[in-house]
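Every read-out reported here was derived from the displayed coordinates using simple, explicitly stated rules and does not represent laboratory data. From a predicted model like this one, the values you see are computed outputs, not experimental measurements.
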Amino acid sequence: MQELDETDGPPVYYFFFRHGSPLDNSTAALRSILSQVAQRNVQDDAVVDSFSFAMTNECSSGQSIASQRDLTELLKVYFESSGKCYMVIDGIDECVDETVLIEILCEISQCSKVRIIMLSRPTVTSLSEVIQEAQQLLVGSANRSDISTFLHRQLRRLSGLPTITLFISLSR
């Protein structure tokens with residue numbers, strides 16, 4: 001994700017649900033994405049003004065900490081007016097309220113140009129119910145070679161050695 005973020009291409013916003021993290025809910029994901037949007041657009045007066053307006057109008061909850069509805073509306077405001085961009089939500093199966101998150105992400109995607117990539121184990125039935133089968137990609141063990149290549153490159157970079165011999169077992 002860092003490599004994508006460093007390119008001149010469309011912005012990529014990212015959230016990863018970690019098992020056992022206190023940030024294991026849809027509100028945490030929305031706050032993180034919104035924080036990334038704000039950081040990336042801190043110099044964009046139109047974005048700052050629209051966020052300011054959204055937080056002070058009568059539809060806002062008026063609280064100093066935005067509600068889940070406020071966060072959703074702010075993201076919709078931004079993505080409705082933004083150009084092409086991507087959102088990656090990884091580990092949805094670790095989200096304690098994944099059904100709520102999936103509903104919100106579908107709502108955001110229906111009214112904007114943002115392309116959302118949702119990654120999860122196949123155990124999240126609410127995800128398979130709302131995403132058309134043609135838009136699903138079941139990876140299974142098909143990516144072992146890619147993971148191995150990635151890990152070898154990362155380990156070589158970290159070690160500074162010309163080559164590393166490594167055996168990685170991805171089976172459970």
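Structure values in brief
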quantity: Amide H partners (placed H, <5 Å) of ILE116, local residues excluded; calculated: MET87
quantity: In sequence order, calculated HN-Hα J values of the stretch 126-138 (Karplus, 6.51, -1.76, 1.60; Hz; x Gly/Pro); calculated: 5, 6, 5, 6, 9, 9, 4, 4, 5, 9, 9, 10, 8
quantity: Under Karplus coefficients 6.51, -1.76 and 1.60, residue-wise ³J(HN,Hα) of the stretch 35-40 in Hz, glycine/proline x; calculated: 4, 5, 4, 5, 5, 6
quantity: From phi via Karplus (6.51, -1.76, 1.60), per-residue ³J(HN,Hα) for the stretch 85-101 in Hz, x at Gly/Pro; calculated: 7, 10, 10, 10, 10, 10, x, 4, 5, 8, 7, 6, 10, 4, 5, 5, 4
